[in-house]
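Here's the structure we're looking at; comments come further down.
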Amino acid sequence: MGIKIAEVKTEEELCIVAELAEKIWHECFIGIISEEQIGYMVEKFQSYNAMKDQVVNQDYHYLAVCDDDDICGYIAVKPEKDERFFLSKLYLRKDKRGQGIASKMLEKVFEEAKNSGKSMVYLTVNKHNDHAVKVYKKTGFQIVESVVTDIGNGFVMDDFVMEYKL
Ligand SMILES: CC(C)(COP(=O)(O)OP(=O)(O)OC[C@H]1O[C@@H](n2cnc3c(N)ncnc32)[C@H](O)[C@@H]1OP(=O)(O)O)[C@@H](O)C(=O)NCCC(=O)NCCS
């Protein structure tokens, strides 16, 4: 197994990430949010066009996680204008979980945050996404806030905000 984590540079790679995102989201959020909300959120946040806009206009960076040539996960991050570094997305295909890859992904996020001169990484995670919350806690993130965000179409995101001080 050779894990490489590198910035998504081409439109082709971003297309592959969009396909992967659709698969992972429809698998991992079942039982946490409705199918309708998953479809809505994938289109709004993880479709090719949405991600392209995030990269071009909103200073997001997507990183692809490759096991040899297989793109099996992705990360999205965004440096804020202050001292914070936003970990927006951390997603790994189901067959690659539980193998130590997530820890490598989080190490990469911390490295990128330090390289950007930031002192804190924060994220939002669905309050009912128990596994992810445990992974983040184990890594050293702390819950600092609960937020309910209206995302339109009658849907809300019911999240914890978690922080990790570098
Ligand atoms: C979140 C995600 C990337 C984590 O990847 P993973 O492969 O499941 O994580 P791992 O099982 O390797 O666990 C990562 C670390 O947390 C620890 N951990 C896992 N489950 C734990 C638990 N229940 N309690 C305490 N620690 C736990 C592991 O021991 C591991 O630490 P180590 O590498 O030092 O051994 C992955 O589950 C995923 O993509 N889930 C679906 C998408 C998602 O929910 N993303 C987050 C959205 S905010």
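The values are calculated or read from the model by the stated rules, or taken from the named source; none is laboratory data. Since the model is a prediction, treat every value here as computed from it, not as a measurement. Heads up, the Cβs are rebuilt from the backbone with ideal geometry, glycines too, and the neighbour counts pull from every protein chain shown. What goes into the accessible areas is simple: the full protein's heavy atoms, side chains included, and nothing from ligands, DNA or RNA. Shrake-Rupley method; radii C 1.70, N 1.55, O 1.52, S 1.80 Å.
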- Message: From the convex hull of the Cα coordinates of the chain, what is the mean projected area in square nanometres?
- Response: 9.3 nm²
- Helix-only CD estimate at 222 nm, as mean residue ellipticity for the chain, using -39500 (n - 2.57) per DSSP H run (n ≥ 4): -11000 deg cm²/dmol
- Task: Evaluate the charge dipole of the chain about its Cα centre and quote only its size in Debye, nearest 20, assuming +1 on the Cβ of each Lys and Arg and -1 on the Cβ of each Asp and Glu.
- Result: 660 debye
- Tell me, how many Å apart are the Cα centres for segment 1-40 and for segment 129-166? 18 Å
- GLU27 to GLU83: FRET efficiency via 1/(1 + (r/R0)^6), r the Cβ-Cβ distance, R0 30 Å, to the nearest 0.05? 0.30
- Item | Globularity ratio of segment 46-109, using Cα Rg and 2.2 N^0.38 Å | 1.19
- Message: For the chain, what does the relative contact order come out to in percent, with C-alpha contacts under 8 Å and a separation of six or more?
- Response: 18 percent
- Item | Estimated dipole of segment 84-166 in Debye, rounded to 20 [Cβ of Lys and Arg +1, of Asp and Glu -1, Cα centre] | 440 debye
- Got a sec? What order do ILE75, ILE5 fall in by accessible area at 1.4 Å, biggest, i.e. largest, first? ILE5, ILE75
- Solvent-accessible area, 1.4 Å probe, carbon plus sulfur percent, for segment 3-165: 48 percent
- Computed FRET value (nearest 0.05) for VAL156 with LYS9, which takes r as the C-beta separation and R₀ as 30 Å: 0.30
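What accessible area per residue, rounded to a whole number of Å², is obtained for the chain using a probe radius of 1.4 Å?
Numbers: 8970 Å² over 166 residues.
Result: 54 Å² of accessible area for each residue.
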- Message: Take the chain, mark every one of the GluC sites (Glu not before Pro) that falls in a DSSP loop and has at most 15 other Cβ within 10 Å, then report the longest stretch left between them, sites excluded.
- Response: 84-166
